[in-house]
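Taking it in order: structure first as structure tokens, then the write-up.
The values are calculated or read from the model by the stated rules, or taken from the named source; none is laboratory data. In this text the structure is predicted, and so the values were computed from the model without any measurement. Counting neighbours? That spans all protein chains shown, and the Cβs are built from the backbone with ideal geometry, glycine included. For accessibility, only protein heavy atoms count, side chains too; no ligands or nucleic acids. Shrake-Rupley method; radii C 1.70, N 1.55, O 1.52, S 1.80 Å.
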Amino acid sequence: MNAHPPLQERALAALSAAMPADLLLSDAEALERYSRDWSGDHYGKPLAVARPRSTEELSRFMACCHELKIHVVPQGGLTGLVGGAVASFPGGEVVVSLERMNKVRSVNPIDFAMVVEAGCILEEAKRHAEAADCILPITFGAQGTCRIGGNVSTNAGGFNVLRYGMTRDLVLGLEVVLADGRVWNGLRTLRKDNRGYDLKQLFIGAEGTLGIITAVALKVFPKPEQVETALVGLESVEAAMQLYSRARRQCSDLLTAFELILRRGIEIAVNSRDDLPDPLGQPYPVYVLIEASAAGRVDLRALLESFLADASDLVLDGVIAGSKVQGDRLWLLREMMVEAQGRGGRYLRTDVSVSISSLAAFVSETLSALAEKHPEAIAVTYGHVGDGNIHLNIVPPEDMPADQYDTLFHATEEVIFDVIDRHGGSISAEHGIGRIKQAAFLKRADPLTLELSRRIKDALDPDHLLSEGRILTSMRAEAEG
Ligand SMILES: Cc1cc2nc3c(=O)[nH]c(=O)nc-3n(C[C@H](O)[C@H](O)[C@H](O)COP(=O)(O)OP(=O)(O)OC[C@H]3O[C@@H](n4cnc5c(N)ncnc54)[C@H](O)[C@@H]3O)c2cc1C
């Protein structure tokens with residue numbers, strides 16, 4: 001990967017000659033910043049990094065890459081957790097970073113829509129929406145780092161999916177530079193448009209394999225005037241799911257988050273900082289972080305209080321935040337659990353889903369199977385269970401030598417995915433396939449799905465120059481059988 005084959009050297013020289021001088025970075029030190037993802041688990045040094053300032057510049061760049069047959073991988077904030085955005089193709093790839101295309105082009109509070117360039121950091125886009133008294137409801141831990149193009153390319157989920165849907169549900173239009181440099185302009189804010197195939201859907205969740213997204217039109221919503229947050233302790237995941245079902249009915253569908261955390265996750269959070277005490281009077285096996293929000297005349301606090309009082313057969317203890325600061329402290333538990341769970345080292349991340357009604361059975365069957373087959377594995381279980389999505393992660397025991405991690409991760413992932421298969425679930429609810437979930441995905445995908453997927457890839461990127469070897473195997477790997 002690091003040695004440039006002469007052909008690539010020549011192609012890069014031709015590319016540099018054809019493009020503005022400051023478009024391409026290629027000195028080794030500068031490339032480091034684009035070589036490792038957030039987790040630190042995935043590293044790949046690109047041949048060079050292109051940082052276009054406009055769609056036109058990217059279009060010219062891609063036309064050159066197409067002519068010179070240079071492999072390219074688009075990159076957003078590098079928070080994707082499946083190794084998709086770092087260079088990895090044998091022989092080398094050029095990273096296209098969208099970081100300089102980062103403007104919010106417009107927020108229209110009458111259309112309830114905003115148009116954002118792909119390199120805009122999610123949190124920045126959210127700030128602009130709020131300045132217009134609206135919200136962009138894509139919300140999760142990496143929002144200060146990930147970029148809108150990455151969010152669309154991974155069809156990101158997060159805490160608010162149960163109310164507002166996945167990113168796909170929020171996209172009204174896209175602008176995309178294709179593998180041959182042509183620009184597909186579908187950047188519209190129309191709510192209804194049934195003219196022919198809805199081509200934008202192809203690029204959403206495609207993980208950069210079909211085109212490079214340069215701008216996105218997104219739905220925004222009225223900013224809630226009230227937000228209430230509660231943390232409750234329960235006996236079991238089963239009880240949490242019953243609470244969820246009741247909350248959907250009794251809270252007038254005003255829930256915006258319903259996050260499950262098993263006790264170990266709370267312990268990880270409270271042990272991670274001195275200023276984060278155990279949140280309830282005593283430990284409970286299961287916790288749920290509930291958020292509800294509303295605009296208009298609803299008395300949201302009274303609604304949440306009476307809902308929780310009526311659920312005393314399920315809720316063992318709980319606290320409703322008295323202020324935004326207190327609400328933020330409850331969310332900090334969730335955030336710190338995610339940050340501290342690996343003790344700074346490697347751990348297995350899974351991101352699976354089952355139907356909501358199967359979630360309790362899935363968790364109990366998986367934890368039993370893990371305890372039986374791999375009692376040394378430390379399971380950390382939490383998730384956006386209002387969407388049937390759970391992260392069941394495996395942390396190695398402290399005394400395990402690092403060279404044994406991969407064996408543990410592989411074996412425990414198999415256990416988790418076996419139970420997922422039995423429940424007809426998905427091995428990737430949010431993070432996508434990238435490179436690291438590819439084998440598990442291909443093993444399970446039915447032949448017709450794969451055939452149609454390959455045809456779509458061939459139609460949009462016939463030379464397989466874009467993000468080759470992510471989701472589907474590379475042409476070279478296929479030729480080698
Ligand atoms: C702490 C933490 C919490 C997270 N929580 C969630 C969560 O709750 N829900 C969730 O869904 N995800 C979550 N993630 C995963 C991640 O943040 C999302 O997948 C995010 O959408 C990735 O955005 P990014 O800009 O970092 O993309 P990158 O990591 O840079 O790229 C991701 C993929 O998209 C492609 N890509 C990037 N930009 C473009 C573009 N402009 N055009 C075409 N392809 C492109 C890349 O090639 C790559 O395949 C979390 C990650 C972390 C670290």
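Taken across the stretch 193-215, residues that are under 23 Å from residue 331 (Cβ atoms) and in a helix (DSSP H, G or I) do not occur at all.
Kindly indicate the residue of the stretch 230-275 that is modelled with pLDDT under 95 and either assigned to a loop (DSSP other than H, G, I, E, B) or among the aromatic types (Phe, Trp, Tyr) (or both) and also nearest to residue 304 (Cα to Cα) among those meeting that condition. In this case the residue turns out to be 251.
When we screen 156, 129, 142, 179 for residues that are assigned to a helix (DSSP H, G or I) and of a type in the set (Gly, Ala, Ser), the only hit is 129.
Only one entry in 243, 289, 255, 300 is buried (at least 17 other Cβ atoms within 10 Å of the Cβ), within 17 Å of residue 336 (Cα to Cα) and touching a residue at least 40 places away in the same chain (Cβ under 8 Å), namely 289.
If you check residue 220 against the conditions, is it at pLDDT 95 or above and touching a Cys at 6+ places or on another chain (Cβ under 6 Å)? Working first, answer last.
Numbers: at pLDDT 95 or above: yes; touching a Cys at 6+ places or on another chain (Cβ under 6 Å): yes.
Yes.
Would a scan of the stretch 201-219 turn up a residue that is farther than 30 Å from residue 321 by Cα, within 16 Å of the ligand (Cβ to nearest atom) and open to solvent by 40 Å² or more (accessible area, probe 1.4 Å)? Yes, the conditions are met somewhere in the stretch 201-219.
Go through 349, 343 for me and flag whichever is touching a strand residue (DSSP E or B) at 6+ places or on another chain (Cβ under 6 Å) and open to solvent by 30 Å² or more (accessible area, probe 1.4 Å). So that I can check it myself, show each step before the final result.
Values: 343 fails: touching a strand residue (DSSP E or B) at 6+ places or on another chain (Cβ under 6 Å).
Step by step, each of 349, 343 is checked, and only 349 is touching a strand residue (DSSP E or B) at 6+ places or on another chain (Cβ under 6 Å) and open to solvent by 30 Å² or more (accessible area, probe 1.4 Å).
Scanning the stretch 60-69 for residues that are surrounded by fewer than 24 Cβ atoms within 10 Å (Cβ to Cβ) and among the aliphatic types (A, V, I, L, M), we see that the one that is nearest to the ligand (Cβ to nearest atom) is 63.
Give me the residue from the stretch 70-84 that is near the ligand (Cβ under 6 Å from one of its atoms) and open to solvent by less than 30 Å² (accessible area, probe 1.4 Å) and, out of that set, farthest from residue 19 (Cα to Cα). Steps first, answer last, please.
Within the stretch 70-84, the subset near the ligand (Cβ under 6 Å from one of its atoms) is 73-81, 84.
Still in the running and open to solvent by less than 30 Å² (accessible area, probe 1.4 Å): 73-79, 84.
Working: 73: 18, 74: 18, 75: 19, 76: 21, 77: 24, 78: 25, 79: 29, 84: 26 Å.
Here the answer is 79.
A single entry from 441, 417 fulfils the requirement of being open to solvent by 30 Å² or more (accessible area, probe 1.4 Å) and closer than 30 Å to residue 371 by Cβ: 441.
Is it the case that some residue within the stretch 160-168 is part of a helix (DSSP H, G or I), touching a residue at least 24 places away in the same chain (Cβ under 8 Å), hydroxyl-bearing (Ser, Thr, Tyr) and near the ligand (Cβ under 8 Å from one of its atoms)? So far as the stretch 160-168 goes, yes, one or more of its residues are part of a helix (DSSP H, G or I), touching a residue at least 24 places away in the same chain (Cβ under 8 Å), hydroxyl-bearing (Ser, Thr, Tyr) and near the ligand (Cβ under 8 Å from one of its atoms).
Would you point out the residue of the stretch 148-187, among those that are charged (D, E, K, R) and more than 19 Å from residue 113 (Cβ to Cβ), that is surrounded by the most Cβ atoms within 10 Å (Cβ to Cβ)? Filtering the stretch 148-187 for residues that are charged (D, E, K, R) and more than 19 Å from residue 113 (Cβ to Cβ), the one surrounded by the most Cβ atoms within 10 Å (Cβ to Cβ) comes out as 180.
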